[in-house]
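Student: What follows is a single structure, and I will ask about it in a moment.
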Amino acid sequence: MSPMSAARSGRRSGTLCFVESPVQLLNVLEWAHRAESTDTTDRITLVVLSPTDPMTRGQLRRMAELARDEGHTVRWEEARGGAGAPFHTIGGLAGALRKAARIVIGDPFSRYVQLLLTITRAAELVVVDDGTATMEFVSQLARGERLVRWHRRGGRPGPRDVVFAPVSAAARRRLTPDGTRRTVEVFSAMPIDSVPDGVRVTRNDFTWTRARFGPPRMTKGADLVGTSLVETGVVDPDRYLEAVQALARAHGATRYFAHRRESSHKLHRLAVETGLEIVRPDLPLELIARRGPIGRTILSFPSTVVHTLPLALAGTEVRVAVCDIDPAWMTENASPRAQGFLSGVTGTARDVHRLASVAPAM
């Protein structure tokens with residue numbers, strides 16, 4: 001019996017989706033929209049494993065409202081609300097995990113998600129887009145490697161990594177197709193090479209976003225998209241500020257759309273030293289841009305949006321331009337493969353204008 005047939009036979013039912021970021025939730029909505037048009041998808045319960053930082057929580061609250069508007073059940077879990085929160089959350093979800101026919105996850109690198117995967121016996125697993133992390137996940141799965149985020153590769157595993165290694169290995173096995181007993185789908189807008197045997201890749205073209213919002217009103221100037229490369233220890237903060245200033249001057253940018261993980265201290269420096277208006281979006285940038293107003297040119301460093309914005313803004317005259325990361329901007333602690341990975345993010349982007357790395361502002 002196929003996994004889908006088993007799901008409909010009554011032994012297991014329903015779909016559980018686990019998300020920890022607004023972008024993951026957006027891509028669950030895109031996946032559900034496509035699934036509903038091609039399949040008789042039954043109950044969808046969307047479980048938000050809420051983080052602690054206020055900006056991400058705020059965006060997740062807004063995205064949860066949109067999910068409810070689409071008819072989905074949303075379950076908000078204070079998964080990190082104290083020492084006992086993980087035990088309470090996992091205990092409360094165990095029954096639903098065992099009954100679910102399909103599990104949808106947004107971050108296979110998340111320890112929380114990996115732990116939940118060891119409980120489920122769902123016949124169908126779906127990984128929805130988490131941006132550049134999705135590219136790395138598929139590559140590591142194809143090579144049979146342990147699951148490690150790209151900006152951490154090259155470093156020695158810490159004590160927590162060692163303790164958690166058996167759970168991570170079990171989760172990786174669960175994310176590996178197993179003949180007719182378990183199927184694995186990756187739903188992504190990112191370019192994916194070296195697809196593991198048995199993994200089905202489905203293209204995310206942001207159909208729901210384009211149908212739900214826009215087309216946007218465009219302004220005459222340019223907007224700049226922020227990145228968390230400083231916060232993840234990849235790019236030096238002073239070099240980043242110089243690059244933003246030079247890019248804004250060269251292209252007449254007036255607004256800076258902050259990444260939800262950017263620190264308040266860095267954003268304050270950017271506002272004071274560059275004169276840019278700092279915008280903290282209340283929704284993922286794909287929705288913000290689609291709603292408008294948005295600049296005719298959107299400037300970005302290598303990140304997920306150089307792949308997703310051209311899809312979300314298809315049919316408009318908005319141009320997306322990406323600026324390469326100069327190796328001189330990298331910190332001494334950056335992963336040895338960070339530069340190559342970021343260059344690959346830029347080089348594989350479609351329908352974007354590629355800029356040379358900018359010179360520091362004088």
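The values are calculated or read from the model by the stated rules, or taken from the named source; none is laboratory data. In this text, all values refer to a predicted model and were calculated from it rather than measured experimentally. No Cβ is skipped: glycine too gets one built from the backbone with ideal geometry, and neighbour counts run over all protein chains shown.
Student: What's the total number of residues in the range 259-279 that are assigned to a loop (DSSP other than H, G, I, E, B) and out of contact with any strand residue (DSSP E or B) (no Cβ under 6 Å at 6 or more places or on another chain)?
Tutor: Number satisfying all stated conditions: 6.
Student: Being surrounded by fewer than 18 Cβ atoms within 10 Å (Cβ to Cβ), under 13 Å from LYS266 (Cβ atoms) and not basic (Lys, Arg) is the filter here, so list the residues in the range 237-254 that pass it.
Tutor: Of everything in the range 237-254, those that are surrounded by fewer than 18 Cβ atoms within 10 Å (Cβ to Cβ), under 13 Å from LYS266 (Cβ atoms) and not basic (Lys, Arg) turn out to be PRO237, ASP238.
Student: List pairs: first in the range 337-362 and of a type in the set (Gly, Ala, Ser), second at pLDDT 80 or above and in a loop (DSSP other than H, G, I, E, B), Cβ under 6 Å, 6+ apart or cross-chain?
Tutor: Final answer for the pair search is ALA338/VAL234; SER357/ASP324; SER357/ASP326.
Student: Condition check: out of contact with any Gly (no Cβ under 8 Å at 6 or more places or on another chain) and of a type outside the set (Lys, Arg). Does THR45 satisfy that?
Tutor: Here the answer is no, as THR45 does not meet what is asked.
Student: For the range 1-48, enumerate the residues that are of a type in the set (Gly, Ala, Ser) and modelled with pLDDT under 75.
Tutor: Answer for the range 1-48, where residues must be of a type in the set (Gly, Ala, Ser) and modelled with pLDDT under 75: SER2, SER5, ALA6, ALA7, SER9, GLY10, SER13, SER37.
Student: In addition: Determine, yes or no, whether LEU229 is outside the structural domain of ASP53 (by TED's automatic domain parsing), modelled with pLDDT under 95 and crowded, with 18+ Cβ neighbours inside 10 Å.
Tutor: yes
Student: Given the conditions (1) among the hydrophobic types (A, V, I, L, M, F, W, C); (2) under 21 Å from the mean Cα position of the chain (by Cα); (3) modelled with pLDDT under 95; (4) surrounded by fewer than 18 Cβ atoms within 10 Å (Cβ to Cβ), which single one is not true for MET218?
Tutor: In the conditions (1) among the hydrophobic types (A, V, I, L, M, F, W, C); (2) under 21 Å from the mean Cα position of the chain (by Cα); (3) modelled with pLDDT under 95; (4) surrounded by fewer than 18 Cβ atoms within 10 Å (Cβ to Cβ), MET218 misses (2) alone.
Student: Are there any pairs with C-beta distances below 7 angstrom linking a residue in the range 129-146 that is in the same structural domain as LEU26 (by TED's automatic domain parsing) to a residue that is surrounded by 21 or more Cβ atoms within 10 Å (Cβ to Cβ) and charged (D, E, K, R), with the two at least 6 apart or on different chains, and if so which?
Tutor: So the pair list comes out as ASP130/ASP107; ALA133/ASP107.
Student: Among the residues that make up the range 83-102, is at least one of them at pLDDT below 90 and part of a loop (DSSP other than H, G, I, E, B)?
Tutor: Scanning the range 83-102 turns up at least one residue that is at pLDDT below 90 and part of a loop (DSSP other than H, G, I, E, B).
Student: Looking at (1) of a type in the set (D, E, K, R); (2) within 19 Å of PRO54 (Cα to Cα); (3) without any contact (Cβ under 8 Å) to a residue 60 or more places away in the chain; (4) outside any helix (DSSP H, G or I), find the lone condition where ASP282 falls short.
Tutor: Condition not satisfied by ASP282: (3).
Student: Separate question: Give the range 315-338 a look and list any residue that's hydrophobic (A, V, I, L, M, F, W, C) and in contact with an Asp or Glu (Cβ under 8 Å, 6 or more places away or on another chain), or say none.
Tutor: VAL320, TRP329, MET330, listed by residue number.
Student: Residues that are among the small types (Gly, Ala, Ser) and more than 26 Å from GLY295 (Cα to Cα): does the range 233-253 have at least one?
Tutor: Looking through the range 233-253, at least one residue is among the small types (Gly, Ala, Ser) and more than 26 Å from GLY295 (Cα to Cα).
Student: Separate question: For the range 203-233, give me each residue that is in a strand (DSSP E or B) and among the polar types (S, T, N, Q).
Tutor: THR219
Student: To continue, here is another question. Among the listed residues ARG296, ARG350, which satisfies the condition of being surrounded by fewer than 22 Cβ atoms within 10 Å (Cβ to Cβ) and part of a strand (DSSP E or B)?
Tutor: So the residue among ARG296, ARG350 that is surrounded by fewer than 22 Cβ atoms within 10 Å (Cβ to Cβ) and part of a strand (DSSP E or B) is ARG296.
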